[in-house]
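Working notes, beginning with the structure itself.
Nothing in this text is a laboratory measurement; each read-out follows from the coordinates by a stated rule. These numbers come from a predicted model, not from an experiment. As a convention, Cβ positions derive from the backbone with ideal geometry for all residues, glycine included, and neighbour counts pool all protein chains shown.
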Amino acid sequence: MPRLDIAAAVLILAATALAQPTELEILRTFDGGDEAMLYRPDAVAFGPDGSIYVLNAGDCRVLRYDPDWQLVRAFGREGEGPAEFNNPTGMLIRDDELWVFEQLRATIFGLDGAYVRTLASRPEMHEPIETDRGLLVRLGSSDRLAALLDQDLAITEKVGPECPADADFMTRFKTCGFVHVLPHPDHLALLLNPFDGHLWVLGEDGSVVRELDLVDDPGRSSSQTDDDGNISMRFTMVMATGGVDRHGNLWTLPVDPAVADDEDAPQLVVVRDRAFEVIAEYVLPPETNASRVVHAPDGTLLLLDGNASLIHVAAYPDAMVAP
């Protein structure tokens, strides 16, 4: 029998495991119930007492649940006055307060849901995250620059890669727009482009220390010009927003190019380690979709499906170390 060294055997086993993704176990699918239905759940935050806060982006409310997903209180409403917000762009807990962000404002509540204050912002704010250097947001919807903000939501420093000044519309839309901001324990932040799967890694000084393509499928978005000069464009996202666990693993939701046009194909979940190498692949059960992965303190995965207004609670895979 030919000799097979240990390193080669490990590589073969890893390749076999990745070729047959394991299906995640869904423990429950939550729609909010009759008392307060979910409507485009866009963000989740966890209070120190175990409370679960869900940003219901569709009706501009925050739903507060106890650890057993029993509704405690719904607060906020659509509008421009106190305790009101429009088109929220994110939510997080800061200094024992719950901050709900819009493009040009932040509405701040106590963790009990009581209104505290509203702050106006000069920059547009998208995808807010907390970093060791303070609040970090993406600037605008057509740029990939991010910015660090002070307590008054003023820019203290711009970071990240600028969009090329001479970029045409197709390039600007595909490579500069709608970039997601993700926290990471080793870096200031990650910037992830869902249209082409490109990832920028920002060092603590805000510079790009690494960039790589997570999806090798450049043809999914394209443009054509006919003889009359009319331009037709096709934009297709190659992945949805993922999430980063406390161990620094990046969980992404890429679209498998082989089944990109099959609506019934299972959705992939790909896990990458701190070096951004693939270490595991999973699939969601049939008819289960997600646009965001949230790692809950109780060791479960929350899969947010904004399109169907559902939250799927999944068991943490045995092969991964739970948060």
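Pop a pseudo-label 7 angstrom from the Cα along the beta-carbon direction at both D227 and E97 and give the gap in nm to one decimal.
6.4
How much length would be gained if the chain were fully extended between D298 and R210, taking 0.36 nm per residue of separation minus their Cα-Cα distance, in nm to one decimal?
Stretched out fully, the D298 to R210 stretch lengthens by 28.4 nm.
Using the charge dipole of the range 8-139 (Lys, Arg: +1 at Cβ; Asp, Glu: -1 at Cβ; taken about the Cα centre), state which of M125, P67, F85 has its Cα farthest towards the positive end.
In the range 8-139, that residue is M125.
Taking neighbour counts of Cβ atoms within 10 Å as a proxy for exposure, in what order, fewest first, do D132, D59, D196, D227 appear?
D227, D132, D59, D196
Please name whichever of I155, M170, L190 sits farthest to the positive end of the charge dipole of the chain, dipole taken about the Cα centre and charges placed at Cβ: Lys and Arg +1, Asp and Glu -1.
Highest projection toward the positive end goes to I155.
Output the relative contact order of the chain, whole-number percent, from Cα pairs under 8 angstrom with separation of 6+ residues.
14
Is the range 35-118 rounded, prolate or oblate when judged by the Cα gyration tensor, a ≥ b ≥ c being the square roots of its eigenvalues, rounded requiring a/c under 1.5 and prolate requiring a/b larger than b/c?
It comes out oblate by the Cα gyration axes.
Is there a quick way to get the dipole size of the chain? I mean about its Cα centre, with the Cβ of Lys and Arg at +1 and of Asp and Glu at -1; what is the value in debye to the nearest 20?
I would put it at about 500 debye.
Give me V283, V116, V54, V244 sorted ascending by neighbouring Cβ count inside 10 Å, so fewest comes first.
V116, V283, V244, V54
Fewest first, what order do I155, I311 take by the number of other Cβ atoms within 10 Å?
Ascending number of Cβ neighbours within 10 Å: I155, I311.
Label-point separation (nm) for Q70 and N87, each offset 7 Å from Cα along Cα-to-Cβ?
3.9
By the scheme Lys and Arg +1, Asp and Glu -1, what is the net charge of all other residues having a beta-carbon under 14 Å from that of A315?
-3
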